[in-house]
Structure formats: structure tokens, C-alpha cells
Amino acid sequence: MKNKTFLFPHKFQKVGCWILLLSFIGIPVSLFFCNVLGLIDLKNSFAITVRILAGLMAIFLSIGLFLIAFSQERFEDEYIGAIRKKSIIISTIIGFCCYLIYSTIATIGGACMVAEAFGVSGNIVDPDGFKMMLSDFCQKYKWLENFSGVFYMFIYYEVIFRINLHKLNKSVNNAE
Amino acid sequence: MQNNLKVERARRRISQQELADKVAASRQTINAIELGKFNPSTVLALKISKVFDISVNELFYLEEGD
């Protein structure tokens, strides 16, 4: 009886590792050489180049992580599948908690600001100042919202999965 | 759920790796089953009991509270 795992073959894991390496080393190095060879002028277009570079790195990083996370292990069996399931559940819980904390802070903080701005009179004295304050507040906690995103969930999943695999291998070695 | 896997394996002098190879599982899985950390699927339980030539009930049994 065959169960479909919906995972990529094991060799895709190596491809994912190479893509990760490319995103961390390949892109910045190629950028450096392009600058040295005069193909691009970093002095005049530094901000936009860094933005493009960051975008490219994020794309390659996501693809690499995706391939590593969802490729079969060298020996993929039902216990590894159970560990995968456990890791996915934990990473989803962590992501959800981050989202919940951010939402709570944003809601309570925002509500406090609104209450403070309206005051007793019921009118906002300085609407522009209030908008800026609210925007600053949201920006301050934006990082927390990011941690609940899919990209970070990949990272949580991968870290938890690898830790569990390491523990498993360690327990087997100890049992020898 | 408890099991007699370790006992049966010792009786037949089969290593974890040999059993794992016979049932197309990893050694880690066999070790986890023996330690009671993991309950195998019906298919794997049937495969293991077939290797030992005994029924699944003789190899795996429920404990109080299951």
C-alpha cells in the first residue's frame, strides 16, 4: 500500500541548499564583481541596487527554504512523516502566537491612542499628529507581524524539524 | 500501546537495522517503536508481525488507559 507524501524527491534538497548558498553568497559576490568591472555604478544607484539585491535574495531564499523543507529525507518513512507533522503544527502555533500578540498590541495600543487623542472634548485636536503617532506605533511593532508570516513559518518548521531529527539520531546512537 | 518488539527481535537475533531493512523502514523508526515513542501504522505493524511470523496482537497490545 502506497501513501502519497506530496514531497519532492530527496535530490531537490541539495538543489535547495545550492539556491540558499547562491542567495547568501552568489548574489552579493556577483554584484561586487559587476561593480568592479564597471557594469553597474553602485555610487549613483546604491539604494535601488540594494533594494533589488534584497528582493532577489528574498526570492532565492524562499525557493531554497521551500525545497529543503518539502523534500524527502534520504530515508523517508512514516516516523519522519510524524516528525514533519509535529514540526508543522508547532511552527503554525508559533506563527499564530506572534500574529495574536501583534494584533493584541496593535488593537490595545491603537485604542488607547484613539481614546487619548479624542480626550474629553470628543474631537481630535491635532489629526495629523495623531495619524503620525498611530503610524509610528504600527511601524514599531511591524517586525512582530512579520514573524507570523509564511516565510518565518518555513524557518520555524525547518529549525524544529532539524532539531527533532537530530534528537532522534542522537537517541538511536545512544541506544547502540 | 505496548509491544514485544525488542523481546521478539532478541529471540530471533535480528538487529534493528536488519528488521528495518526487511520492513522498508528506518532504524530510527524501529528504535522509536521499541521505546514506545511511536505507534506504527497498521501497514507497518502487519509487516513487522509478518517478519516474526506471529499475529499483530501478539506483538502489539493495548495497555490500561488506551
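The values are calculated or read from the model by the stated rules, or taken from the named source; none is laboratory data. Just so it is clear, the model here is predicted, and its values are computed rather than measured. FYI the Cβ positions are ideal-geometry reconstructions off the backbone, even for glycines, and counts take in every protein chain you see. Side chains included, ligands, DNA and RNA excluded: accessible areas come from the protein's heavy atoms. Shrake-Rupley method; radii C 1.70, N 1.55, O 1.52, S 1.80 Å.
Of note:
- Qualifying residue in region A:92-101 (condition: in the same structural domain as A:LEU144 (by TED's automatic domain parsing), farther than 30 Å from A:PRO9 by Cβ and aliphatic (A, V, I, L, M)): yes
- Matching option when the condition is under 18 Å from A:GLY149 (Cα atoms), at pLDDT 80 or above and either among the polar types (S, T, N, Q) or assigned to a loop (DSSP other than H, G, I, E, B) (or both), among A:SER91, A:SER23: A:SER91
- Taking the criterion of being within 13 Å of chain A (Cβ to nearest Cβ), outside any helix (DSSP H, G or I) and open to solvent by 30 Å² or more (accessible area, probe 1.4 Å), the residues of region B:1-55 that qualify are B:SER15, B:ALA24, B:LEU35, B:GLY36, B:LYS37, B:ASN39, B:SER41.
- From the options A:PHE75, A:PHE46, A:PHE8, A:PHE33, residue that is within 25 Å of B:ILE30 (Cα to Cα), without any contact (Cβ under 8 Å) to a residue 12 or more places away in the chain and of a type in the set (Phe, Trp, Tyr): A:PHE75
- Some residue of region A:111-128 being in contact (Cβ under 8 Å) with a residue 12 or more places away in the chain, in a loop (DSSP other than H, G, I, E, B), acidic (Asp, Glu) and more than 30 Å from A:SER30 (Cβ to Cβ): no
- Residues in region A:51-77 that are open to solvent by 60 Å² or more (accessible area, probe 1.4 Å) and assigned to a helix (DSSP H, G or I) were compared, and the one that is nearest to the other protein chains (Cβ to nearest Cβ) is A:PHE66.
- Subset of region A:142-175 (residues that are open to solvent by 60 Å² or more (accessible area, probe 1.4 Å) and under 20 Å from the mean Cα position of the chain (by Cα)): A:LYS142, A:TRP143, A:ASN146, A:PHE147, A:VAL150, A:PHE151, A:TYR152, A:VAL159, A:ARG162, A:ILE163
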